[in-house]
1. Give me 114, 40 ranked fewest to most by other Cβ atoms within 10 Å of their Cβ, as a rough exposure proxy.
2. Per residue, how big is the convex hull around the C-alpha atoms of region 48-126? Give it to me in cubic angstrom, could you?
3. Order of 116, 72 from fewest to most other C-beta atoms within 10 Å?
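Just so it is clear, none of the values below were taken in a lab; they were calculated from the coordinates. This is a predicted model, so every value here is computed, not measured. Neighbour counts are summed over all protein chains in view; Cβ atoms, including those assigned to glycine, are modelled from backbone coordinates with ideal geometry.
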């Protein structure tokens, strides 16, 4: 598991990570500001989708504000085999660093809710 402006797991992992909170983050031209990537592959390595993965649960992103350089300000890419549960996006206000451009969100097998967010995240409930 690694943290570098992201929550990611190398595909060969197993176990769990839970009750992790990212709070009161100000972004200035951030790249992939909110990301969970369970399809991460180490550089120089050929990876295939694994049947096992680290189970992520109770991951909260709270009070994010600022600008994003990437089109997807929110990317929740959870393993198809175990998924992510109890994801919370609370008070998320991320706009594009490029004037007039709109940022988006995307997700795979992520479950939870969003509260007071300017972004609709299709896989999460309001």
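1. Fewest-to-most Cβ neighbours within 10 Å comes out as 40, 114.
2. 89
3. 116, 72
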